[in-house]
1. As an exercise, use a Förster radius of 35 Å and the Cβ-Cβ distance of K102 and S52 to find the FRET efficiency, rounded to the nearest 0.05.
2. Treat the count of other C-beta atoms within 10 Å as a stand-in for reagent exposure and order V127, V71 from fewest to most.
3. Give me the Å³ per residue figure for the convex hull around the C-alpha atoms of region 106-163.
4. Could the peptides 21-31, 40-50 be put in order, highest first, of the mean number of other beta-carbon atoms found within 10 Å of their residues?
5. Note down the nm distance, to one decimal, between modelled labels 7 Å out along Cα→Cβ at R33 and at K8.
Amino acid sequence: MIKKSESKKIEITQKGNPILRKTLSELPAEEIRSEHIRQTIAQMSEALYQSSNGIGIAAPQIGISLPIFLVSEEALAHDDGTPHDHTKDRWRWRHFVYINPKLIKSSQKKVLLDEGCLSVEGMFGKVLRARQVTVEALNEQGKKFRVGASGLFAQVLQHEIDHLNGILFTDKAKILEKLPSLTDAEQQNSPKK
Ligand code: ZN
């Protein structure tokens, strides 16, 4: 269990940093259960909990060039239509770990979806994504699994796989929208660590 008060703020790499532009090669299977990988996953999980609205995160987003991403179980909760309070609930979501992920299948059917990224603060866009995908990956024990996804979950999987290939949603967005920036007063009031 993560104790929120004791955790240090993990910095999220922002667009413009070359680490977000690398194409990452596969992690050798024998390294997956190493302490370094265990710690990387723990840090990614912590960063996701710290973010105000993140549901997925890739290792380069915390400055680590490894082909790993995490998706919050919350992405599934959105899909089944269960109403929930994001802020109140976020500590109970588990995170699914994907190592060496491969996109096995993408549906012909594409949908234009709203998208944002922890590494592109203040921007949203409309991105064309496959409605359904099948992804194969290894979990944190190094065990291979395959998952079929649709809806928000499929969108997050495609977004995170893009991260491991150095692609940001802003490269693909049909329409980009800038959110109004915070006023000085609002910035004063936002917590700084
Ligand atoms: Zn992202």
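1. Numbers: r = 31 Å, r/R0 = 0.88.
FRET efficiency, K102 to S52: 0.70.
2. Details: V127 24, V71 27.
Listed from fewest to most nearby Cβ atoms, that is V127, V71.
3. With only Cα atoms used, region 106-163 gives 81 Å³ per residue.
4. On the way: 21-31: 12.4, 40-50: 18.8.
In decreasing order of mean packing, 21-31, 40-50 become 40-50, 21-31.
5. About 2.9 nm, to one decimal.
No value in this document is a laboratory result; all are computed from the given coordinates. Predicted model only: the values in this text are computed from it and were never measured. For neighbour counting, all protein chains shown are included, and Cβ atoms are generated from backbone atoms with ideal geometry for every residue, glycine included.
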